[in-house]
Amino acid sequence: MSSAREREPIGVIGAGYVGLVTAAGFAELGSEVWCVDIDAGRIERLERGEVPIYEPGLEQLLKRNAAKLHFTTDLDEALAHARLLFVAVGTPPTYSGDADLSAVHTVVDAIPASDGHALVMKSTVPCGTGASIQRAFAERGKGGLSYVSCPEFLREGSAMKDFLNPDRVVVGDEGDWAGDAVVELYAPLGAPLVRTDIASAEMVKLASNAFLATKISFINEIANVCEETGADVVEVARGMGLDDRIGPKFLQAGIGFGGSCFPKDVNALKQLAGNSGYHFQLLTAVIEVNELQKRRVIGKLHKHLGGLVGKRVALLGLAFKPDTDDMREASSLVLSARLNADGAAVTAYDPVVAEEARSLVSGITFADSPLHAAAGADAIVLVTEWSEFLKLDWSRLAEAMSGELVIDGRNALDPDAVRGAGLVYEGIGRR
Ligand code: UDX
Ligand code: UDX
């Protein structure tokens, strides 16, 4: 289809976080990209040059490659121009914890029989999904379609960088033209390639996320034990992380992991194992530790303030991590609900999220600056470590507050700077 010098054109189905980053990334590498979404409003905004999500670097890349990017609600348009269709629709958790594959099935149903097209799965799906999609293709006379699993490992907030500098590229396929074409697309990035079978590629993604989540729950439990024993988890993590076999990343203790992937994928892997009769005990604990960790701040507030009825608590940050407007599974949701239930008056400030959060978190007042949030507060809780919170003038906040407690839910603040302003500092697992 394309000459050696020409880059393979592609289709991307789903213009969400993963889809848009994939589209912008491959356009940057030289491909023409047809980006399809069922949400007509979203496609109109994208055509006007508006970017519906906050992701550093994405808007610039979409602008720079605007001539190569085509936005449409019509799958046929993508099929007419591209033989590889990257699937990046959402796979949210169902009530039971399994992954909801209905959006993926919609795509599988919509794609017509063809000998020259392939679905390339970017969405995170349970191990075995590729095999069941291939069976569905065969049963419906669409056996000519190829299938490739190509999981995405990008992190929100640094997604563009992660796309362009991946630690590895994983391609699971049956050794046919489609797998070769996907490998070719990624070749300019020069990343280590893991070419394997479809089921193994699917499992690499789930196991990687589950391992990282386990690492976080592990250090959070160490932090909790540090609080009992007088050790400081930041020092402990530094000492552990210098061991090459452990490494320093994902050893930041705090008030738990959130986001669109870790909570969902850990649960989905546990559920997947359970469905085939295997009880994944370790992941059950990882999930439970994380749920308890999100609530730990409440205990700390009680310890310092006594009852919370009528107490004013300021939350700094709402997003599940900095540099994103994503509120999925954010610790702030659990925290604000618990504070409300305990009778506290909650004011929150987030540099990016505020508007969207209004519909997600009820019963809290939104402030337009950290100082405004701190006004009259008995306690401040750092929930998301946005960089602007690391440079706060604590003496000004201390003047505005009516109390003196600062809980650093991410161990991101300088305790000396906070204490220097006459405030009481408490982190997670800190001495
Ligand atoms: C991605 C992955 O695909 C998911 O599996 C992973 O675990 C998390 O990241 P994400 O990009 O965050 O999901 O999804 P979202 O931002 O919700 O976007 C999905 C898009 O797909 C939406 O714009 C939606 O309108 C679109 N969509 C959904 C379709 O185009 N067709 C459908 O049938 C369903
Ligand atoms: C994650 C994976 O890192 C990525 O590879 C995958 O594709 C999608 O899921 P993301 O959810 O965007 O990415 O963010 P990540 O930076 O991994 O953080 C997830 C959560 O863990 C956040 O709530 C963060 O605050 C928390 N975290 C992370 C910790 O509590 N401690 C750490 O040391 C690291």
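The values are calculated or read from the model by the stated rules, or taken from the named source; none is laboratory data. Bear in mind the structure is a predicted one, so any value in this text is a computation, not a measurement. Ideal geometry is used to build each Cβ from the backbone, glycine not excepted, and the neighbour counts take in all protein chains shown. Remember, those area values only see protein heavy atoms, side chains included, never the ligands or the DNA or RNA. Shrake-Rupley method; radii C 1.70, N 1.55, O 1.52, S 1.80 Å.
Could you check, for the stretch 198-206, whether at least one of its residues is buried (at least 22 other Cβ atoms within 10 Å of the Cβ) and among the basic types (Lys, Arg)? So far as the stretch 198-206 goes, yes, one or more of its residues are buried (at least 22 other Cβ atoms within 10 Å of the Cβ) and among the basic types (Lys, Arg). Among the residues in the stretch 65-74, are any crowded, with 16+ Cβ neighbours inside 10 Å, over 25 Å from LEU29 (Cβ atoms), among the hydroxyl-bearing types (Ser, Thr, Tyr) and within 16 Å of ligand 1 (Cβ to nearest atom)? No, every residue in the stretch 65-74 fails to be crowded, with 16+ Cβ neighbours inside 10 Å, over 25 Å from LEU29 (Cβ atoms), among the hydroxyl-bearing types (Ser, Thr, Tyr) and within 16 Å of ligand 1 (Cβ to nearest atom). Out of the residues in the stretch 10-45 meeting the condition of being open to solvent by less than 10 Å² (accessible area, probe 1.4 Å) and out of contact with any helix residue (DSSP H, G or I) (no Cβ under 9 Å at 6 or more places or on another chain), tell me which one is farthest from LEU185 (Cα to Cα). The extreme case among them is ILE43. Of the residues in the stretch 406-428, at least one is open to solvent by less than 20 Å² (accessible area, probe 1.4 Å), β-branched (Val, Ile, Thr) and either touching a Leu at 6+ places or on another chain (Cβ under 6 Å) or without any contact (Cβ under 8 Å) to a residue 12 or more places away in the chain (or both). When the stretch 46-61 is filtered for residues that are more than 16 Å from ligand 2 (Cβ to nearest atom) and surrounded by 15 or more Cβ atoms within 10 Å (Cβ to Cβ), the ones remaining, listed by number, are LEU46, VAL51, PRO52, GLU59, LEU61. For the stretch 207-229, filtered to residues that are over 20 Å from SER260 (Cβ atoms) and β-branched (Val, Ile, Thr), the residue that is most open to solvent (accessible area, probe 1.4 Å) is THR229.
Just one of the numbered conditions (1) farther than 24 Å from GLY403 by Cα; (2) at pLDDT 95 or above; (3) more than 10 Å from ligand 2 (Cβ to nearest atom) is not true of VAL313: (1). Exactly one residue out of GLU59, GLU50 is within 25 Å of the chain's Cα centre (by Cα), away from ligand 1 (no atom under 15 Å from the Cβ) and closer than 20 Å to THR22 by Cβ: that is GLU59.
Of the residues making up the stretch 137-196, those that are assigned to a strand (DSSP E or B), surrounded by fewer than 19 Cβ atoms within 10 Å (Cβ to Cβ) and away from ligand 2 (no atom under 15 Å from the Cβ) are LEU193, ARG195, THR196.
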